[in-house]
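*Asks:* Here it is, the structure, as structure tokens.
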Amino acid sequence: MDPILDPGSTTTAHQHIFFGNMIQGTASFPTIKSGDGGATGTMEHNGLSTPTNCQDTLDTAGYWQPEPYLNGSPWLPGGGCSTNCSAGTDLHLRVYYLPDAPGTQQEIPDGSIMVAGYPDGCHQFSGLPAPAGCNGTTYPVDLGIVHYTCGADNKVGVATPASAWPYNCTLYRDADDGFDDGIVAFTNFPDCWNGHRDWSPPNNPSGSKVPGYVAPWISDPSAPVDANGNRLNDFAYQLSGGACPSNFSISVVQLEQRMHLLTMGAGFGEPSTCSAEGKNWNSATENAELTDSDGEGPPDTDTHTCAFASTPSPNINLSFACTHGGDPNCTVDTGPGGGCGSTGHCFIGANPVGWEALHADYWQTWQEGGGTDTFPESSQGSFPDLVEDCSNEGSGACSFIISSTKQPSPRVFGNPEST
């Protein structure tokens, strides 16, 4: 189902996997109201014994992304989980709220709905603008909205390249490296707000309006329009210099969803860039791995070099469920019984560009804490508490999945690609 773009329907154009609020996928979902509806009108009061599968039990926000496929089969390592999830064996999502702009950022407004990324690859529907960061109608080349890495090694300060497409992680890991995430798919959301609430909550169209954003290249017949028929969006991305556009002057923390696919990605080819945290992968004097933690003695014979590609590999075997008829590369039928579309068939992308259909959806329902917008915030689980713990280097833990092998760190991000 697609609660924002196709609310109430269980035969949407492509299949999703859900994280966070466990109300998604239940029969009662259409009756749950989003927005500022009070104690009985918000998704955190879903009545379920386990309202969320986030590590923070008070995070009842909803997150969903297209289902991943590897070699044409659903890729759900660990079989999917809702309790006792392991970061080392289960595909999972880590959600970051990043203070990426100078000065103070506000929380994301209660009830906000957002869809970001490329549900139809770089293809555009008639009358809609071309997707940002795309090379014509073929593949993305910009890293600002969607990108991939192979994780980071905090022991030796190595961050793998950020790339516009997946690549082979095995080339960037050796005996002294501590990262083992495999391909991590990043989706960044807009972080500038115009202060308006122009969107109807998808499951309560007659209710109070909420702030909303659906990327302008995504077809959405329910999107609000102005008097001239132009789509209204309440959020926008920062400009290249880091400032917000003039009509979107309120800076909010940037939501970043990171889907940890737990596959090293053999066959994915090379990344689109080898730049990582200011270190030059291609330099003989400044290699990305500068230390000798494996004890082999200087010079470290395991230092990495990186070759990058200007176009994707023709052998990428990772794909995401996509909208058949939207993305011209979305042509592989996974067979009947998938529950997608009017025919019951689900589709994924064809090599080499099926993976470009990655997008992410978010429903902001951080209202359960009852806190204020001031820091420090003492109400555990409130959105200001999250910002205090994570964005402002507090002592709380923000990783939404916990296991014996990967405990949440006190502060799980600094530079987005490094920690």
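The values are calculated or read from the model by the stated rules, or taken from the named source; none is laboratory data. A quick note: this is a predicted structure, and the numbers were derived from the prediction, not measured. Neighbour counts are summed over all protein chains in view; Cβ atoms, including those assigned to glycine, are modelled from backbone coordinates with ideal geometry.
*Asks:* Looking only at the range 207-219, filter to residues that are closer than 16 Å to residue 322 by Cβ and modelled with pLDDT of 90 or more; which one of those is surrounded by the fewest Cβ atoms within 10 Å (Cβ to Cβ)?
*Replies:* Ranking the qualifying residues of the range 207-219, first place goes to 217.
*Asks:* Regarding the range 99-109, can at least one residue be identified that is outside any loop (DSSP other than H, G, I, E, B), at pLDDT below 80 and not hydroxyl-bearing (Ser, Thr, Tyr)?
*Replies:* Within the range 99-109, one or more residues are outside any loop (DSSP other than H, G, I, E, B), at pLDDT below 80 and not hydroxyl-bearing (Ser, Thr, Tyr).
*Asks:* While we're on this one: Considering 13, 87, which residue is over 18 Å from the mean Cα position of the chain (by Cα), within 30 Å of residue 317 (Cβ to Cβ) and modelled with pLDDT of 60 or more?
*Replies:* Just a single option satisfies the conditions, and that option is 13.
*Asks:* On to the next question. Counting only residues that are within 27 Å of residue 357 (Cα to Cα) and in contact (Cβ under 8 Å) with a residue 60 or more places away in the chain, how many does the range 203-221 have?
*Replies:* Counting residues in the range 203-221 that are within 27 Å of residue 357 (Cα to Cα) and in contact (Cβ under 8 Å) with a residue 60 or more places away in the chain gives 12.
*Asks:* Let me ask another. Pairs, please: C-beta under 9 Å, at least 6 apart or cross-chain, first residue under 18 Å from residue 189 (Cα atoms) and in the range 120-146, second surrounded by fewer than 14 Cβ atoms within 10 Å (Cβ to Cβ) and of a type in the set (Val, Ile, Thr)?
*Replies:* No pair meets every condition.
*Asks:* Does at least one position in the range 292-309 carry a residue that is out of contact with any Gly (no Cβ under 9 Å at 6 or more places or on another chain) and at pLDDT 85 or above?
*Replies:* Yes.
*Asks:* So if I check each of 185, 227, 223, 243, which one is among the small types (Gly, Ala, Ser), modelled with pLDDT of 85 or more and not in a loop (DSSP other than H, G, I, E, B)?
*Replies:* The match here is 185.
*Asks:* Here's a follow-up. Residues in the range 231-246: is at least one touching a strand residue (DSSP E or B) at 6+ places or on another chain (Cβ under 8 Å), over 23 Å from residue 124 (Cβ atoms) and either surrounded by 14 or more Cβ atoms within 10 Å (Cβ to Cβ) or not hydrophobic (A, V, I, L, M, F, W, C) (or both)?
*Replies:* Yes.
*Asks:* Quick one: in the range 188-206, which of the residues that are in a loop (DSSP other than H, G, I, E, B) and at pLDDT 90 or above is nearest to residue 115 (Cα to Cα)?
*Replies:* Among them, the one singled out is 189.
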